[in-house]
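Scroll down for the structure; my scribbles are underneath it.
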Amino acid sequence: MQHPVSMRFAFLFAIILAVAAGLVWFVLEGAAGALAAAGATIIAALPLPYAASCWLADAAARRALKKNKASASDDALALLKDIDTLLLPRRRFMIGEPHIKELVPEGMSQSDLLALAASAEQDATHPYAKVLCAVASDRRLRLHRLSAATLVPHAGAEALLMGQTLRVGRLDWLEAEGVKTSAELATRADQLAIHRLALIGVALGPRTRGLIAFEEDVSETAKQTIATLERHGITTILCTHGGRRYANAMGKALGTTEAKSLANTDSLTRELQLRKAKGHVIASLVPPLDTAADLAVRLAENNGGSSQSSASDKKTEAAAASPACLVLPSLAALPALIASARKASRALRSSLRLALAGLVVLVLPAFGLLHAIGGPFLPLEAAAIGQGVFLVLATVSFLVRS
């Protein structure tokens with residue numbers, strides 16, 4: 001973990017003090033005084049109490065990682081205690097398997113709407129696509145033959161059906177493609193999103209032909225973990241590719257501080273950069289935003305179901321290989337690791353204050369303060385004993401506070 005004072009600097013400071021003491025007393029009393037002052041000063045100034053506390057802090061951090069079956073780079077351990085913002089994706093570890101809650105066709109039957117959607121999504125691996133195809137199969141619906149089918153990452157699927165473009169996916173994507181949605185469907189979409197239902201639109205040609213609403217159960221484990229993170233003073237931000245109303249409803253259900261729609265990733269990235277400029281430390285489980293975060297967090301468990309495009313997979317692998325990367329067995333391990341890192345940091349700072357007190361008490365007489373007013377130099381044995389006493393005190397202080 002990150003230490004308040006660099007060990008390299010601490011040892012260099014001890015050497016500089018010893019050299020300075022030797023030079024001063026060489027000028028004043030010659031070689032004998034210089035050797036006595038330099039020897040006592042180097043022993044008194046060695047940062048052994050602080051070094052021992054740093055070693056204990058590192059050992060505590062490694063034990064916490066092992067206990068929680070996690071792994072982390074040194075950079076990640078240094079950042080762990082300072083995390084105050086966490087970006088959370090809407091993934092399978094936070095919600096249950098989706099199921100179709102409602103079909104809202106316009107100008108066609110529910111079966112025709114479902115058949116169109118399943119036809120476009122039959123080659124996709126997204127959980128919604130699997131549900132669509134499974135339900136269509138259960139209802140023995142006849143799927144359409146399509147041409148020029150393609151999948152658009154984080155948006156949907158499109159293909160040609162009898163000369164018309166069939167699109168199935170996010171409503172904002174359909175709008176960006178120039179698809180028109182009737183006022184009735186738009187109003188119904190808002191009503192469904194407020195009730196935490198994920199929506200996809202089905203468009204044939206220039207207009208939307210219907211909506212399919214999916215319901216997902218919120219994981220109680222995820223809610224408890226988020227509540228624990230909030231109690232630790234960490235701002236949790238849910239990031240989802242759904243619309244703003246759906247994001248807000250899902251964030252409220254999970255108990256996150258904020259919820260953001262990734263429809264406009266650039267605006268969120270700018271917001272994160274502003275937070276970082278103000279001194280916030282941001283951890284992210286959202287691969288596309290890892291570059292805007294200080295720490296990339298990856299879950300090693302199989303979270304099941306949430307499909308990613310090959311491009312997203314590459315981004316996830318790149319995040320896992322980044323210098324500041326924390327790999328967890330589950331999100332539930334994160335609060336314990338943060339609490340442990342903060343506790344060790346407080347204990348380390350307490351030990352640092354004790355080590356600094358020892359430095360003042362021992363270095364002044366070792367440097368020759370007492371000798372300057374007629375007393376002796378601090379004997380080497382006394383400097384060594386003093387180091388031992390403060391080493392024990394710093395170690396005990398760390399162990400008690402951690």
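Against the list (1) over 24 Å from residue 339 (Cα atoms); (2) open to solvent by 60 Å² or more (accessible area, probe 1.4 Å); (3) among the basic types (Lys, Arg), the condition residue 276 fails is (1). The set of residues in region 376-397 being more than 17 Å from residue 55 (Cα to Cα) and either small (Gly, Ala, Ser) or not in a helix (DSSP H, G or I) (or both) consists of 376, 377, 378, 379, 382, 383, 384, 386.
Please specify each residue of region 313-331 satisfying the condition of being assigned to a loop (DSSP other than H, G, I, E, B) and modelled with pLDDT of 60 or more. Of everything in region 313-331, those that are assigned to a loop (DSSP other than H, G, I, E, B) and modelled with pLDDT of 60 or more turn out to be 323, 324, 329, 330, 331. For region 365-392, a residue qualifies if it is modelled with pLDDT under 90, open to solvent by 70 Å² or more (accessible area, probe 1.4 Å) and among the hydrophobic types (A, V, I, L, M, F, W, C), and the qualifying residues are 369, 370, 372, 373.
Check region 301-312 and report whether any residue there is open to solvent by less than 50 Å² (accessible area, probe 1.4 Å), touching a Gly at 6+ places or on another chain (Cβ under 9 Å) and either at pLDDT 90 or above or not in a helix (DSSP H, G or I) (or both). Checked against the condition, which is being open to solvent by less than 50 Å² (accessible area, probe 1.4 Å), touching a Gly at 6+ places or on another chain (Cβ under 9 Å) and either at pLDDT 90 or above or not in a helix (DSSP H, G or I) (or both), region 301-312 yields no hits at all.
Restricting region 254-266 to residues that are under 16 Å from residue 154 (Cβ atoms) and not β-branched (Val, Ile, Thr) leaves a set whose member that is least open to solvent (accessible area, probe 1.4 Å) is 262. Taken together, 82, 123, 112, 75 contain a single residue that is open to solvent by 20 Å² or more (accessible area, probe 1.4 Å), at pLDDT below 90 and either within 29 Å of residue 275 (Cα to Cα) or in a helix (DSSP H, G or I) (or both), which is 75.
Screening residue 251 on (1) in contact with a helix residue (DSSP H, G or I) (Cβ under 8 Å, 6 or more places away or on another chain); (2) open to solvent by less than 20 Å² (accessible area, probe 1.4 Å) shows it passes everything except condition (1).
Yes/no per residue for (1) touching a residue at least 60 places away in the same chain (Cβ under 8 Å); (2) open to solvent by 40 Å² or more (accessible area, probe 1.4 Å); (3) of a type in the set (Val, Ile, Thr):
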| residue | (1), (2), (3) |
| --- | --- |
| 177 | no, yes, no |
| 181 | no, yes, yes |
| 190 | no, yes, no |
| 211 | yes, no, no |
| 247 | no, no, no |
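From the list 247, 198, which one is under 30 Å from residue 106 (Cβ atoms) and part of a strand (DSSP E or B)? Testing whether each residue is under 30 Å from residue 106 (Cβ atoms) and part of a strand (DSSP E or B) leaves just 198.
To keep it simple, each residue is scored yes or no on (1) closer than 17 Å to residue 167 by Cα; (2) assigned to a helix (DSSP H, G or I); (3) open to solvent by less than 20 Å² (accessible area, probe 1.4 Å); (4) touching a helix residue (DSSP H, G or I) at 6+ places or on another chain (Cβ under 8 Å).
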| site | (1), (2), (3), (4) |
| --- | --- |
| 87 | no, no, yes, yes |
| 92 | no, no, no, yes |
| 104 | yes, no, no, yes |
| 107 | yes, no, no, no |
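Within region 129-145, the set of residues being open to solvent by 50 Å² or more (accessible area, probe 1.4 Å) and in a loop (DSSP other than H, G, I, E, B) comprises 139, 140, 142, 143, 144, 145. Consider residue 255 carefully, then state whether it is over 20 Å from residue 76 (Cα atoms) and out of contact with any Leu (no Cβ under 8 Å at 6 or more places or on another chain). In short, yes.
Restricting to region 150-170, name every residue that is aliphatic (A, V, I, L, M) and open to solvent by 60 Å² or more (accessible area, probe 1.4 Å). Within region 150-170, 151, 160, 162 meet the criteria. Looking at region 33-40, can you tell me whether even one residue there is open to solvent by 30 Å² or more (accessible area, probe 1.4 Å) and closer than 30 Å to residue 293 by Cα? No, there is no match, as no residue in region 33-40 is open to solvent by 30 Å² or more (accessible area, probe 1.4 Å) and closer than 30 Å to residue 293 by Cα. The sole residue among 356, 334 that is surrounded by 14 or more Cβ atoms within 10 Å (Cβ to Cβ), out of contact with any strand residue (DSSP E or B) (no Cβ under 9 Å at 6 or more places or on another chain), assigned to a helix (DSSP H, G or I) and modelled with pLDDT of 90 or more is 356.
The values are calculated or read from the model by the stated rules, or taken from the named source; none is laboratory data. Just so it is clear, the structure is predicted and the values come from calculations on it, not from any experiment. So basically every Cβ, Gly included, is an ideal-geometry build from the backbone, and we count neighbours across all protein chains shown. Keep in mind that these areas ignore ligands, DNA and RNA; they rest on the heavy atoms of the full protein, side chains included. Shrake-Rupley method; radii C 1.70, N 1.55, O 1.52, S 1.80 Å.
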